[in-house]
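J.: Have a look at this one.
The values are calculated or read from the model by the stated rules, or taken from the named source; none is laboratory data. Predicted, not measured: the structure shown is a model, and the values here were computed from it. Counting neighbours? That spans all protein chains shown, and the Cβs are built from the backbone with ideal geometry, glycine included.
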C-alpha cells in the first residue's frame, strides 16, 4: 500500500505535522497496521525532497521541533493522478496463507496438509466471528463497519478457498490411494 | 435439564437418507449455526428440531420432554408458542397485510383482534417496517418481507427461533440488516437461535457452529467446537 | 418442429397434466353424447301426410309428438352447458404448472407459435379422443338400447341416424373449438416467457353483472309482449325470434350470475373481514377479497345447473297452476299429467347437471388447494393448525356460495316467471248438456237439456315452489360442502414439509 499517497490525501484537508498525521492515519484506517513515527517522518522527508509537500510553519512551544507540512500543487497533481489510476486487480497471488498451503502439500503428506488447512480454517472462522461481533455491536461507527466489512469479505473469500481446497485435497488423496 | 436436544436422529425421504444419526445439544440463549454443503441434511435437522418433521429414529427432547412422539396438534401448538420459524421466503400469507401476518400467531392463540394488531404494530415498528404495516407481501421488498416474517416469528416471544437460510433471497446489505437485528433482539431477550446456512459469513453471526456432512455431524472439521472462544458473551 | 417432438413435449407433463388430459377427454365425451342425442331426436322423421302427425313408433310421448321433440333436444343441449363448465374447470387443473413449463420452453428458444402449438395439441388431441370415445359409446349404446317392445314400439329413437355431416361437425368441431379457446387463453404465455407470474387482481369487481342479469330478465319478459305485438298486427313472429331470445337471454343470465359471484365474493370477503372472528375467518376474508374470481371459477357449472333447475321448478309450478285452472274452468291443458311427467324428466336432467357440476367443483377445489400447497406447507410449519386452514377453506367456499346460490335460484325462477304469466282461463260462455250421452247425442233431444253457461275468468297465480327451490339450494350447498370436505383430504398431503423443499 502506498503510505505516501495516503499521507498526501490526509494533507489535502489542510497542513498538519507528523504526529497529527500518524493519528489521523490510524483513526481513518482503523483495521490497517498502525503507522510508526519513523515511517511518517521518513515519508514526509521523501515527499519534501520530491516537492510534493512544503513546510508550512513551525511550532516550538518548549517541546521538540514540530514542522507542519502542506500539500503543494505538484502534490495535489500526484494525489489526483493516484486516485485516477485503476488498481490492477490482483496481478500476482501474494499470500503467505496460499504459499504455506502449497508448501505443505509439497513437503508433507496429505494428512498434515489437511491438519494445516483445518487449523487455518478454525482461525479464520474465529476471526470472522470477532469481526462480525464488532460490526454488529450497538453503536458501531460507520468507518469501523466499513473496515470490518472489508476484512470480512476477504476472510470469507479465504474461507471459501480453504473449504474448496480441503475437498480437493480429500479427493486427490482418495485418487492417489485407490 | 437440557434445553433442546437431538439424539441419534435419523430421517430419510423415500430411500434417500437425509440424516444418519445426528446428536446435538442446543444450549439456552445461544446462537447456533448449522452449516454444511447443500444436501447435507441441515434443513432436515432444523425441521426435526422444530417439530415440523418427525424423525424416523432417534429422539428430540425439549426441556427434558420427547417432542418427536407428540401429536401433530401438540407440536403445532409448540411451534406457535415456544418456537418461531423463519424461512428463506414464503412463510407470509400473500393475501394478508403485514400487520395481519404478524398478528396471526396471536389470533391463533386466542388474543383479541385489536390487541393482536397493537402488538403486531409494535413489533413492526421495532424492526423498522411500520410503514408497510398495511401492505401485502407482494407490495414489499424482500428485506421488508423478511423483517415482517421476523416480527411474526418474534411476536409470541418464543424461546427458540429456527431460521433456515433467512437471508438466502436477500442482497448482502439487506441480509446483513436482517441478521444483525435478529442477533441483537435474540441477545436482548435471551432467545435461542438455530441458524441454518451454507455461508461462512452468515454462520459468523452465531456463537457456535456445527457442520454437517452427508447427514452426520462433521467432527473432522469445525464440528462440535464449544471450545471456540470467539462468540462468548 | 417434427410431430414426434411435438408429441414428446405434449406428454412431458406431470400426473396433474395427465389428470387434466383425462378430464378434458371425459367432458368432451359427455358433451358429444349429449349433442349426438339431441341430433338424433331432431332427426326423427315425421310420418308423411298431414303436418303434426305423431311418430307412433315410440313409447314416450316426448318423442311421438313433433311439437315436443325440439324441447327435448333443447334440454339435451342445455345439459352441455354444465359439461362445458366442467371442461373449463378441468382446463384450469394444473394450469399454472403447465404455463411455467411452456414459459420454460419459450426461454429455451421456442417461438410463440411452437409453444401455442404444444398447448393446442394437448387440448385438441385430448378433446378429439373424448369426442371419438363419445361417438363410440353413442353407437354402442344405440345398438344396446334398440329394444322394441311387444308392439314393436321403441323407448328411444334408435331407428334413426343423425345426419353424418352433423355428427362430423360435433366430433371434429368440439376439439377444434377447444383448441382455439386454449390458444386464446395462452396468449400471455406466448407473448412473453415472464408473463406467467399471475398477478392476482386486487381491484374491486364492478357490479356490472347486475346489468347482465337485468338484461336477461328483460329479454325473457319481452317474449310475450313481442308475440302479442305481432299478433295485433296480424303478422307472424319470425321463427328465430323466440329461440334466440331464450338462448341469448339464458346465456346472458348465466354469465351475469357467474361473474356476479366475483362481486359477491369480494363483498362477502369484506363483510367477513369486518365482522368475522378468529384467524380462520380472517384468512378466508382476505383470500376472498384478494381473488374474488376464484368463486366464479369454482361455482360456474354449479350455478348454471341451479339456474336451469330453478327455471324447471318455475315451469312445474306453472303447469300445476294451469292444471288447477283447467280443473276450475273445465278447459285448457288437455293432459296436465303428461306435462308434469315431462317435468320429471327435466328434473332428472337437473340432477345429472348438478352431479356433473359437483365433479367440476371438486376439480376446482382440489386445484385451489394444490396450487397453493407451498404456502399452506409454510403455514403449517410455522404452527398454523391444519384445522384452521381447513376452516378457512370452508369459510371461503360457503360464504360466497350461499348468496350466489340464492341469486342463481332467484334469477332462474324469475326468468321463467317472465315468460309465463299467471295462467288464466275463462271469461267465455259455453254450452253444457246436462243429460246423459244418449239424450245429448241426439240432436233432437239435445236442445232441451242444453243451456249456456258462463265460465268466470279464473286466474291461478302459480305458487312459488318453495320446497323445490329449497331442495335445490340444499343440494347445491351440500355439493359445495362435500367437495370442500373431500378437498380437505388433499390438505394433509399438500401441507407436508416436503413441499417446502421444492423452490
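J.: So which residues in segment B:98-118 are crowded, with 22+ Cβ neighbours inside 10 Å and within 11 Å of another protein chain (Cβ to nearest Cβ), if there are any at all?
T.: The answer is B:100, B:101, B:103, B:104, B:105, B:106, B:107, B:108, B:116.
J.: Can you tell which of C:349, C:310 is assigned to a helix (DSSP H, G or I), in contact (Cβ under 8 Å) with a residue 24 or more places away in the chain and crowded, with 23+ Cβ neighbours inside 10 Å?
T.: C:310
J.: Right, here's the next one. What number goes with the only condition from (1) within 24 Å of the chain's Cα centre (by Cα); (2) surrounded by fewer than 14 Cβ atoms within 10 Å (Cβ to Cβ); (3) within 14 Å of chain B (Cβ to nearest Cβ) that residue A:111 does not pass?
T.: Condition (1) is where residue A:111 drops out.
J.: With (1) within 30 Å of residue A:133 (Cβ to Cβ); (2) more than 18 Å from the chain's Cα centre (by Cα) as the list, and residue B:11 as the residue in question, which single condition is left unmet?
T.: Against the list (1) within 30 Å of residue A:133 (Cβ to Cβ); (2) more than 18 Å from the chain's Cα centre (by Cα), residue B:11 comes up short only on (1).
J.: Filter segment A:1-22 for residues that are without any contact (Cβ under 8 Å) to a residue 40 or more places away in the chain, surrounded by 13 or more Cβ atoms within 10 Å (Cβ to Cβ) and more than 14 Å from residue A:68 (Cα to Cα) and give the result.
T.: A:6
J.: Among the residues of segment B:78-91, write down those that are surrounded by fewer than 21 Cβ atoms within 10 Å (Cβ to Cβ) and facing chain C (nearest Cβ under 7 Å).
T.: Across segment B:78-91, the qualifying residue is only B:90.
J.: Kindly provide the set of residues from segment A:57-95 that are surrounded by fewer than 14 Cβ atoms within 10 Å (Cβ to Cβ), over 19 Å from the mean Cα position of the chain (by Cα) and at pLDDT below 85, ordered by number.
T.: The answer is A:57, A:58, A:59, A:60, A:61, A:62, A:63, A:64, A:65, A:84.
J.: Considering each of B:149, B:163 in turn, give the residue that is modelled with pLDDT of 90 or more, part of a helix (DSSP H, G or I) and under 29 Å from residue B:115 (Cβ atoms).
T.: From the options B:149, B:163, the qualifying one is B:149.
J.: May I pose another question? Could you tell me how many of the residues in segment A:162-178 are more than 11 Å from chain B (Cβ to nearest Cβ) and part of a helix (DSSP H, G or I)?
T.: The number of residues fulfilling the criteria is 10.
J.: While we're here: Filter segment A:128-161 for residues that are part of a loop (DSSP other than H, G, I, E, B) and more than 20 Å from the chain's Cα centre (by Cα); which is farthest from the other protein chains (Cβ to nearest Cβ)?
T.: Restricting to residues being part of a loop (DSSP other than H, G, I, E, B) and more than 20 Å from the chain's Cα centre (by Cα), the top hit is A:139.
J.: Is it true that residue C:236 is in contact with a helix residue (DSSP H, G or I) (Cβ under 8 Å, 6 or more places away or on another chain), under 30 Å from residue C:75 (Cα atoms), at pLDDT below 90 and part of a helix (DSSP H, G or I)?
T.: When the stated conditions are applied, residue C:236 does not pass them.
J.: Sticking with this structure for a sec: Of the residues that sit in segment C:281-295 and are crowded, with 24+ Cβ neighbours inside 10 Å and in contact with a helix residue (DSSP H, G or I) (Cβ under 6 Å, 6 or more places away or on another chain), which one is farthest from the other protein chains (Cβ to nearest Cβ)?
T.: Top of the filtered list is C:295.
J.: Looking at (1) part of a strand (DSSP E or B); (2) more than 13 Å from chain C (Cβ to nearest Cβ), which one does residue B:12 not meet, given that it meets all the others?
T.: Against the list (1) part of a strand (DSSP E or B); (2) more than 13 Å from chain C (Cβ to nearest Cβ), residue B:12 comes up short only on (2).
J.: Here is a follow-up. For a quick check of your reading: which helices (runs of 4 or more DSSP H) sit entirely within segment C:433-503 and have at least 1 residues that are within 14 Å of chain B (Cβ to nearest Cβ) and out of contact with any strand residue (DSSP E or B) (no Cβ under 7 Å at 6 or more places or on another chain)?
T.: Correct list: C:466-494.
J.: Follow-up. Is it the case that residue C:210 is closer than 20 Å to residue C:413 by Cα, under 17 Å from the mean Cα position of the chain (by Cα) and part of a helix (DSSP H, G or I)?
T.: No.
J.: A further question on this structure: Just name the residue that is farthest from the other protein chains (Cβ to nearest Cβ) out of those in segment C:362-402 that are outside any helix (DSSP H, G or I) and under 20 Å from residue B:103 (Cβ atoms).
T.: C:384
J.: Step by step: first the residues of segment B:16-45, then only those that are in a loop (DSSP other than H, G, I, E, B) and away from chain C (no Cβ under 14 Å), then the one that is nearest to residue B:219 (Cα to Cα). Which residue is that?
T.: Restricting to residues being in a loop (DSSP other than H, G, I, E, B) and away from chain C (no Cβ under 14 Å), the top hit is B:36.
J.: Moving on. If you check residue B:158 against the conditions, is it more than 26 Å from residue A:140 (Cα to Cα) and part of a loop (DSSP other than H, G, I, E, B)?
T.: Judged against the criteria, residue B:158 is a match.
J.: Same structure again: Can you name the number of the only condition in (1) away from chain C (no Cβ under 13 Å); (2) at pLDDT below 90; (3) surrounded by fewer than 23 Cβ atoms within 10 Å (Cβ to Cβ) that residue B:94 fails?
T.: Answer for residue B:94: the failing condition is (1).
J.: Name, by its number, the condition in (1) at pLDDT 85 or above; (2) assigned to a loop (DSSP other than H, G, I, E, B) that does not hold for residue A:22.
T.: Residue A:22 satisfies every listed condition except (2).
J.: Being in contact with a helix residue (DSSP H, G or I) (Cβ under 9 Å, 6 or more places away or on another chain) and buried (at least 23 other Cβ atoms within 10 Å of the Cβ) is the requirement here; does residue B:53 meet it?
T.: When the stated conditions are applied, residue B:53 passes them.
J.: With respect to residue B:48, is the statement that it is without any contact (Cβ under 8 Å) to a residue 60 or more places away in the chain and not in a strand (DSSP E or B) true?
T.: When the stated conditions are applied, residue B:48 passes them.
J.: Oh, and also: Against the conditions (1) facing another protein chain (nearest Cβ under 9 Å); (2) in a helix (DSSP H, G or I); (3) farther than 14 Å from residue C:279 by Cα, where does residue B:121 fall short? Just the number, please.
T.: Unmet condition: (1).
J.: Within 11 Å of chain C (Cβ to nearest Cβ), out of contact with any strand residue (DSSP E or B) (no Cβ under 7 Å at 6 or more places or on another chain) and in a loop (DSSP other than H, G, I, E, B): does that describe residue B:73?
T.: Against the criterion (within 11 Å of chain C (Cβ to nearest Cβ), out of contact with any strand residue (DSSP E or B) (no Cβ under 7 Å at 6 or more places or on another chain) and in a loop (DSSP other than H, G, I, E, B)), residue B:73 does not qualify.
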